[in-house]
Protein chains: 2
Amino acid sequence: MDVLVIGGCGFIGSHVVDTLHARGHSLRVLDRNPERFRRPVPGVAYTKHDLTKAPLPSKVLSDVEVVVHLASTTVPATSNLDPGADIAENLIPTVHLLEAMRQQGTRRLVFLSSGGAVYGVPQSDPISEDHPLNPVSSYGVVKMAIEKYVLMEHRLHGLSYVTLRASNPYGPRQGHTGVQGVISTYLWRHLRNEPIEIWGDGSVVRDFLHVRDLAELCARSVVSLENGVFNAGSGEGVSIAQIIEIIGRVVEKKIAPTYRPGRDFDVPRVVLDVARAETAFRWQRSIHLLQGIEETWGWVRQQVRLSEPDLKLID
Amino acid sequence: MDVLVIGGCGFIGSHVVDTLHARGHSLRVLDRNPERFRRPVPGVAYTKHDLTKAPLPSKVLSDVEVVVHLASTTVPATSNLDPGADIAENLIPTVHLLEAMRQQGTRRLVFLSSGGAVYGVPQSDPISEDHPLNPVSSYGVVKMAIEKYVLMEHRLHGLSYVTLRASNPYGPRQGHTGVQGVISTYLWRHLRNEPIEIWGDGSVVRDFLHVRDLAELCARSVVSLENGVFNAGSGEGVSIAQIIEIIGRVVEKKIAPTYRPGRDFDVPRVVLDVARAETAFRWQRSIHLLQGIEETWGWVRQQVRLSEPDLKLID
């Protein structure tokens, strides 16, 4: 199929591109940034474009059958600093995308929402898709509002869609800026012999999903006829303290983290009920946490050796 | 108390101003339009300002204890024409308002949401506040997103708030542009001997609340210590066909409406469960439909006589 991946040069996007490319789909990528950790994939048509600055060029959509929309300019931790900008950069361009898709006749969308942000403080464990939506970050409110515009486009104009509420993805090609992804942040910091910080006491529980498992679910959503909202997680809760312990096993050194005060946008426990996605897409996560962290550690070490050959590393 | 009413020159706003003024509150009004159907109320400080064009001037908030936010640039029927503008004009200014209130220390907000728009197609009857939110208009998505930002401001920064999800308000000072308010639209059209149009077959059921009953609920919300979301309706379902019949009784002439195709954003039945507001604010609607329509009919006739003395009217 002809698929446009918006945000296809990002962490998740690059894996979605790999998975769709391997299945033989014809791919376009729209991103405001170039590929970061590798060269562009041969055969994929890349367009550099910033949707926060100008509308989608209509030729980018021509003959496209499915759009996979993964782009976001914010993460939960940064979005509350300027909610107005968050809305202007993420919500408004997405409603314009829906209009452009309607005008061009592109009638399927896979939208990446956030299982960690839209539910807010969980009232049940694990969290199913019917759980009330009470986000505590602008990132979560914007994701929720986009979900509702997508649902409206489905009901009023027949858009076919899958919304994936992803849990915490991790794996190779995740950055290390410290705002997203504790696993890769901790691995980068450990390698550079920098302190590993825990916000709170380490008891916060999250649902970590390897990015290739998430990309596989995206790829199945692209070709499926399903319409709806689906949690995309591992279904398993793991605490930050457990992550530290697993990383210690992987790097063969006990990690002594620095504890910092908890943050008001961190909810204590988010574990997704993923039965709906497992049934609808005959999908299951295939990469378990120890294996995934080992792989990510190997990738982080490779990156640092490539980019900073003179850096004094801990191993 | 010192109260700022944003949108205080509008249909609902003018009645909220009356009710608060009668209770002795010190009032400021911020509106982009002047009072439309009457002179400004003596003793009320009016500021003409368009929040879609510039941020709230900080002096408007100084010493204000409670903000009542009633302003909207759209209605459900128009909002889907340009959702991007709807978001830019309504959602973004409201998150900036929340930030300004936080900076100025104004810690109570009464926000007018929409019971007709946020729920979408009802899954229960009557609709309680816990019903899922699946709007089918941009107006509804924007109201819902504002509700979530207000809730977030409550949880993260201690804002005290009441969100009122109003049903269909009607009464004196409602315009007759035909985009909002079937009762006043029908009365204006009948008086001018213009055709009365029904979208659909007249079976659509709504929950009509007299604007003074709504204003009374707003005024009680201002002085209350309650936090939360409350339906604000009559709790009674009335079909458009019944409205036509009651209007016929009031104007003493049988109305023969013109039927037009139903609209995709009209849900079949919206009746609100108002038990939560009745209990929390010891409030009940006091003006029943026949009485309210009689009063509105008197007001419409007076307006037309004042503004268009030469118009040939039907009575």
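Observations
- The residue that is farthest from B:Leu91 (Cα to Cα), counting only those in segment A:73-96 that are of a type in the set (Gly, Ala, Ser) and modelled with pLDDT under 95, is A:Ala77.
- Within segment A:198-224, restricting attention to residues that are of a type in the set (Lys, Arg) and assigned to a helix (DSSP H, G or I), the residue that is farthest from A:His288 (Cα to Cα) is A:Arg220.
- Subset of segment B:59-88 that is without any contact (Cβ under 8 Å) to a residue 24 or more places away in the chain and exposed (fewer than 13 other Cβ atoms within 10 Å of the Cβ) - its residue that is farthest from the other protein chains (Cβ to nearest Cβ): B:Lys59
- For segment B:124-139, a residue qualifies if it is in contact with a Ser or Thr (Cβ under 8 Å, 6 or more places away or on another chain) and more than 8 Å from every other protein chain (Cβ to nearest Cβ), and the qualifying residues are B:His131, B:Tyr139.
- Residue list for segment A:225-235, filter: touching a helix residue (DSSP H, G or I) at 6+ places or on another chain (Cβ under 9 Å) and assigned to a loop (DSSP other than H, G, I, E, B): A:Glu226, A:Asn227, A:Gly233, A:Ser234, A:Gly235
- Going through (1) in contact with a helix residue (DSSP H, G or I) (Cβ under 8 Å, 6 or more places away or on another chain); (2) over 19 Å from B:Val238 (Cβ atoms) one by one, B:Thr296 falls short only on (2).
- Tally of residues being modelled with pLDDT under 95 and either surrounded by 14 or more Cβ atoms within 10 Å (Cβ to Cβ) or in a strand (DSSP E or B) (or both) across segment A:33-48: 2
- Just one of the listed residues (B:Leu30, B:Leu91, B:Leu56) is buried (at least 21 other Cβ atoms within 10 Å of the Cβ), touching a His at 6+ places or on another chain (Cβ under 9 Å) and within 14 Å of chain A (Cβ to nearest Cβ), namely B:Leu56.
- Some residue of segment B:157-167 being part of a loop (DSSP other than H, G, I, E, B) and buried (at least 24 other Cβ atoms within 10 Å of the Cβ): yes
- Some residue of segment A:49-63 being touching a helix residue (DSSP H, G or I) at 6+ places or on another chain (Cβ under 7 Å), more than 23 Å from A:Leu20 (Cβ to Cβ), modelled with pLDDT under 95 and not β-branched (Val, Ile, Thr): yes
- Condition check for A:Leu290: among the aliphatic types (A, V, I, L, M), surrounded by fewer than 16 Cβ atoms within 10 Å (Cβ to Cβ) and more than 14 Å from chain B (Cβ to nearest Cβ): yes
- Odd one out for B:Leu109, checked against (1) crowded, with 20+ Cβ neighbours inside 10 Å; (2) more than 21 Å from B:Tyr46 (Cβ to Cβ): (2)
- Residues that are more than 18 Å from A:Asp207 (Cα to Cα) and in contact (Cβ under 8 Å) with a residue 12 or more places away in the chain, drawn from segment A:222-255: A:Val222, A:Val223, A:Ser224, A:Leu225, A:Glu226, A:Asn227, A:Gly228, A:Arg249, A:Val250, A:Val251, A:Lys253, A:Ile255
- When segment B:94-118 is filtered for residues that are facing another protein chain (nearest Cβ under 10 Å) and in contact with a helix residue (DSSP H, G or I) (Cβ under 7 Å, 6 or more places away or on another chain), the ones remaining, listed by number, are B:Thr94, B:Val95, B:His96, B:Leu98, B:Val118.
- Answer residue from segment B:168-197, given it is touching a Ser or Thr at 6+ places or on another chain (Cβ under 7 Å) and assigned to a strand (DSSP E or B) and is surrounded by the fewest Cβ atoms within 10 Å (Cβ to Cβ) among those: B:Glu197
- The condition of being within 12 Å of chain B (Cβ to nearest Cβ), modelled with pLDDT of 95 or more and touching a helix residue (DSSP H, G or I) at 6+ places or on another chain (Cβ under 9 Å) holds for only one of A:Val142, A:Val162, A:Val121, that being A:Val142.
The values are calculated or read from the model by the stated rules, or taken from the named source; none is laboratory data. Note that the coordinates shown come from a computational prediction; the quantities given were computed from them, not determined experimentally. Using ideal geometry, Cβ is built from the backbone for each residue, glycine included, and neighbour counts are taken over all protein chains shown.
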